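The values are calculated or read from the model by the stated rules, or taken from the named source; none is laboratory data. In this text, all values refer to a predicted model and were calculated from it rather than measured experimentally. Because the Cβ atoms are built from the backbone with ideal geometry, glycine has one as well, and the counts that use them run over all protein chains shown. Protein only, heavy atoms only, side chains kept; ligands, DNA and RNA dropped before computing areas. Shrake-Rupley method; radii C 1.70, N 1.55, O 1.52, S 1.80 Å.
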Amino acid sequence: MPITVDIGGACGSGLVDAVFEYFEHVDRRFSTYRTDSEISAINRGDLAVRDWSGEMMEVLALSGQTRTETGGYFDIRRSDGSLDPSGIVKGWAIRNAAGIVQRAGVDDFFIEAGGDIQSRGRNPSGLDWSVGIRNPFNAQEIIKVVYPRGHGVATSGTYVRGQHIYNPLGTGESITEIVSLTVIGADVFEADRFATAAFAMGRDGILFLERTAGLEGYVVGSNGRATPTSGFGAFCQS
């Protein structure tokens with residue numbers, strides 16, 4: 001997936017390199033597309049639980065927590081019994097990458113991976129970072145601009161990757177009544193893990209976000225109608 005790292009200040013390229021090296025490390029451990037990754041070895045039964053890495057155990061524990069908090073709508077276990085933590089690893093990795101930047105003493109940065117974003121401070125023009133939400137029916141058009149101001153932003157949808165989110169509580173049916181759902185959370189990890197679950201809820205996802213403290217959302221239905229949570233508008237003001 002495309003990754004963007006924009007770091008303010010005269011920090012040189014070393015910090016950017018460190019961020020990309022970290023993302024490569026995460027890919028080597030968690031990618032279900034790599035036969036040499038740790039998660040692939042686990043799914044093949046080649047790695048005993050006692051040999052699982054601390055990072056793997058952390059992500060699996062967070063996945064279990066999210067499954068509980070979403071009433072089962074977030075579940076990394078596939079129908080064939082294998083594990084796919086992709087729905088939580090991206091936000092977790094971006095948040096950790098942001099930690100690398102902050103520990104280096106940088107307060108102005110923007111990190112985006114596959115549409116999920118963590119930013120802090122201001123952009124090179126001295127303004128708040130802004131994030132555009134694309135029209136799922138015309139990806140060249142921005143239909144809403146938000147200003148996260150240190151919060152995380154994550155969008156789940158079917159207009160780029162096709163249908164890849166399913167209702168884990170039903171018969172595995174695809175979600176067709178909504179096409180895009182953006183979540184703003186305290187950080188990108190919180191936004192990402194709940195975006196996947198809320199999308200899997202279909203029309204009820206925006207109601208879940210409305211009821212959950214610390215989350216705001218914006219959903220676009222297959223009919224083209226957009227519905228925000230009651231506090232979403234606060235993030236649209238520059």
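So for the pair Arg211, Val145, with labels modelled 7 Å out along Cα→Cβ, what separation do we get in nm?
The modelled label-to-label distance comes out at 3.5 nm.
Mind giving me the nanometre distance, one decimal, between the label points for Asp36 and Gln102, set 7 Å out from Cα along Cα→Cβ?
The two pseudo-label positions are separated by 3.3 nm.
Could you work out which residue, out of Tyr73, Tyr33, Tyr22, moves most in a Gaussian network model of the chain, that is, has the largest mean-square fluctuation with Cα springs under 10 Å?
Answer for the Gaussian network model of the chain: Tyr33.
Return the sequence-ordered ³J(HN,Hα) values of the stretch 78-83 in whole Hz as given by the Karplus equation 6.51 cos²θ - 1.76 cosθ + 1.60 applied to θ = phi - 60°, using x for Gly and Pro.
Result, ordered by residue: 6, 4, 8, x, 6, 9 Hz.
With Cα Rg over 2.2 N^0.38 Å as the read-out, I listed (1) 1.01; (2) 1.19; (3) 1.09; which label goes with the value calculated from this structure?
Computed from these coordinates, Cα Rg over 2.2 N^0.38 Å corresponds to label (1).
When the accessible area of the chain is split by element with a 1.4 Å probe, what percent falls to carbon and sulfur?
48
What is the sum of charges, Lys and Arg at +1 and Asp and Glu at -1, for the other residues whose Cβ falls under 13 Å from the Cβ of Lys144?
-1
So what is the accessible area of the chain per residue, in Å², with the probe set to 1.4 Å?
49
Can you put Asp108, Asp51 in order of accessible area, largest first, using a 1.4 Å probe?
Greatest to least solvent exposure: Asp51, Asp108.
Out of Ser31, Ser79, Ser119, any idea which swings most in a Gaussian network model of the chain, alpha carbons joined below 10 Å?
The residue with the greatest mean-square fluctuation here is Ser79.
Which one of Ile76, Ile42, Gly99 has its Cα pushed farthest toward the positive end of the charge dipole of the chain, where Lys and Arg give +1 and Asp and Glu give -1 at the Cβ?
Of the candidates, Ile76 comes out farthest on the positive side.
Please give the FRET efficiency for Ser230 paired with Phe20, using the beta carbon to beta carbon distance and R0 = 41 Å, rounded to the nearest 0.05. List each step's numbers first, then the result.
Working: r = 38 Å, r/R0 = 0.93.
Computed FRET efficiency for Ser230 and Phe20 comes out at 0.60.
Placing unit charges on C-beta atoms (Lys and Arg positive, Asp and Glu negative, everything else neutral), compute the dipole magnitude of the chain about its Cα centre in debye, rounded to 20.
My answer is approximately 360 debye.
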